[in-house]
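Below is one structure, written out as structure tokens; comments come after it.
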Amino acid sequence: MPEEIARLMGLQGIDRQLQELEQTLATIAGNVEGLREENERNQAELQRLVEEDQQNSAARKKAEKELAEGEARIRNKRMRLNLVRTDKELQALTHEVEALKDTNLRLESEVLALTEAGDPRSARIKELGEAIAKGRAALAEGEKEIATQVESLKSSIAEKRRERDEAAAQIQPTLLQRYNTLFTRRQGTAVALAKGGTCMGCRRLLPPQLFNEVQKHLQIHFCPNCQRILYYEDKPAPETT
Ligand SMILES: [Zn+2]
């Protein structure tokens, strides 16, 4: 295998390890991020419910006040009933009392409805309060727990990057550029084995002449289909693509 290919294979190995480390870091950070988001959602719901509860309380107090005023008015009118002289006055006053009673009935059911609506909300507010407290503790715990892992992953990544830079410096810049593009666009396989006349990167048959050339190791060849850098192993070896 030509030296250049061996260097590229080495680089590909390092790049794959680097990718794996970065994915692990993202996953670990993502778990804590999930806890954080859940807490924020709970917090937002709590705030909305507390506001709703305050509005509900204000509406109930207002209805209760109107109800009390209505009752006072009814008492007042009933007292006046004893003083009326004419049937007409009696009729009018009775009518007014009936109207006030209707209004009060409506206010009573309003107060009842507002009180009943408050119950499940209070329960949910309590539940959310507890969930938030638990969530905060879990988040703090999670952050503490991953801190060491994150720290160690970050230093492994930094170390791997230095290793990568050294390996990359050994490769001819144009070829390196091509490798970099391929590694990203071809899901981490920029260098592919040519085996039995086939590119193992894309599983397409290579032109026979090209496959012959690849076997000679005289220069670097690329797959005409997937553009990957091709290499050939003289002795059968475990597939590495
Ligand atoms: Zn190919």
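Miscellaneous remarks
- Single match in Glu151, Glu130, Glu159 (criterion: exposed (fewer than 15 other Cβ atoms within 10 Å of the Cβ) and modelled with pLDDT under 95): Glu151
- Matching residues in the stretch 22-37 - criterion: being within 23 Å of Ala190 (Cα to Cα) and either surrounded by 13 or more Cβ atoms within 10 Å (Cβ to Cβ) or touching a residue at least 40 places away in the same chain (Cβ under 8 Å) (or both): Glu22, Thr24
- Arg60 vs. criteria touching a Ser or Thr at 6+ places or on another chain (Cβ under 7 Å) and surrounded by 13 or more Cβ atoms within 10 Å (Cβ to Cβ): yes
- Scanning the stretch 169-219 for residues that are assigned to a loop (DSSP other than H, G, I, E, B) and either in contact with a Cys (Cβ under 6 Å, 6 or more places away or on another chain) or within 14 Å of the ligand (Cβ to nearest atom) (or both) yields Arg186, Gln187, Thr189, Ala190, Gly196, Gly197, Met200, Gly201, Cys202, Arg203, Leu206, Pro207.
- Test result for Lys235, basic (Lys, Arg) and either in contact (Cβ under 8 Å) with a residue 12 or more places away in the chain or within 10 Å of the ligand (Cβ to nearest atom) (or both): no
- With respect to the conditions (1) under 30 Å from Ile229 (Cα atoms); (2) at pLDDT below 95; (3) touching a Leu at 6+ places or on another chain (Cβ under 9 Å); (4) not polar (S, T, N, Q), Leu21 falls short on a single one, namely (2).
- In the stretch 46-73, the residues that are of a type in the set (Val, Ile, Thr) reach residues that are surrounded by 15 or more Cβ atoms within 10 Å (Cβ to Cβ) with C-beta atoms within less than 8 angstrom, at least six apart or across chains, in these pairs: Val50/Ile125.
- Some residue of the stretch 79-92 being within 30 Å of Asp119 (Cβ to Cβ), loosely packed, with under 14 Cβ neighbours inside 10 Å and not acidic (Asp, Glu): no
- No other residue among Gln19, Gln12, Gln43 is surrounded by 13 or more Cβ atoms within 10 Å (Cβ to Cβ), touching a strand residue (DSSP E or B) at 6+ places or on another chain (Cβ under 7 Å), part of a helix (DSSP H, G or I) and polar (S, T, N, Q) apart from Gln12.
The values are calculated or read from the model by the stated rules, or taken from the named source; none is laboratory data. The shown structure was predicted, so the numbers you read here are calculated from the model rather than taken from an experiment. Using ideal geometry, Cβ is built from the backbone for each residue, glycine included, and neighbour counts are taken over all protein chains shown.
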